[in-house]
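To start, the structure under review is shown below, and the notes come after it.
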Amino acid sequence: MSTRSLIVMRHAKSDYPSGVADHQRPLAPRGIREAGLAGDWLRDNLPPIEQVLCSSATRTRQTLERTGVNAPVEFSDRLYGATPGTMIEEINQVLDDVATLLVVGHEPTVSQVSLGLADPQASDHDAAAQISMKFPTSAIAVLRVPVSWSALELSGAGLIAFHVPR
């Protein structure tokens with residue numbers, strides 16, 4: 001079986017308009033620009049994304065739209081405010097024919113999942129240290145997954161890259 005790629009991305013910088021519920025908050029101008037830069041980096045550095053799991057929040061949807069990623073998307077209410085366990089459960093449901101999966105979510109879950117899945121023996125220590133300090137908006141963690149999506153569990157992947165598009 002070939003190795004899979006899991007890309008965990010935090011939504012881009014959002015705005016805080018008054019009277020707008022958290023779930024409906026849109027991207028800020030900086031977020032719109034940086035989500036586009038994130039999409040450029042994804043295309044230049046990783047295999048084509050085959051499926052996307054995206055939180056149902058407005059800012060995650062707009063982030064995904066601005067990346068220009070063109071893959072089947074599942075918008076999930078479960079990924080909005082998700083615990084790390086819930087996000088991993090969602091990843092475990094992905095079909096095995098998907099080789100490259102993008103998950104667009106929120107902090108603190110994206111950093112907890114990226115670090116939780118990372119096997120310390122198979123991971124880039126600098127990337128892990130950066131994520132431990134901060135997982136900024138639009139940032140992208142890339143993990144190499146040597147098992148089926150359904151078999152992925154804590155310490156079951158190698159964290160191979162962390163990129164902050166600016």
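The values are calculated or read from the model by the stated rules, or taken from the named source; none is laboratory data. Note that the structure is a prediction, hence the values are computed from the model and not measured. Cβ atoms come from the backbone with ideal geometry, glycine included; neighbour counts cover every protein chain shown. To get the accessible areas, we keep the full protein, side chains included, count just its heavy atoms, and leave off ligands, DNA and RNA. Shrake-Rupley method; radii C 1.70, N 1.55, O 1.52, S 1.80 Å.
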Relative contact order [Cα under 8 Å, 6+ residues apart], segment 48-126, whole percent: 38 percent
Using modelled backbone amide H atoms (1.01 Å from N, in-plane), which distant-in-sequence or interchain residues come within less than 5 Å of SER155's amide H? LEU117, ALA118
Contact order normalised by residue count of segment 1-80, Cα under 8 Å, 6+ apart, percent: 32 percent
Gyration tensor (Cα only) of segment 76-166 to equivalent ellipsoid, semi-axes in Å sorted down, yields 19, 16, 12
Amide H neighbours of SER14 under 5 Å, at least 5 residues apart or on other chains, H built in the peptide plane: list them. ALA28
Tell me the net charge near ARG4. Cut-off is 11 Å between Cβ atoms, ARG4 excluded, with +1 for each Lys or Arg and -1 for each Asp or Glu. -2
GluC sites (Glu not before Pro) within segment 67-166: DSSP coil, no more than 13 neighbouring Cβ in 10 Å: GLU153
Probe 1.4 Å, protein heavy atoms only - accessible area per residue of segment 4-163 in square angstrom: 45 Å²
Test of understanding: what is the full-extension gain from VAL147 to ASP96, defined as 0.36 nm times their sequence separation minus their Cα-Cα distance? 17.4 nm
Contact order normalised by residue count of the chain, Cα under 8 Å, 6+ apart, percent: 32 percent
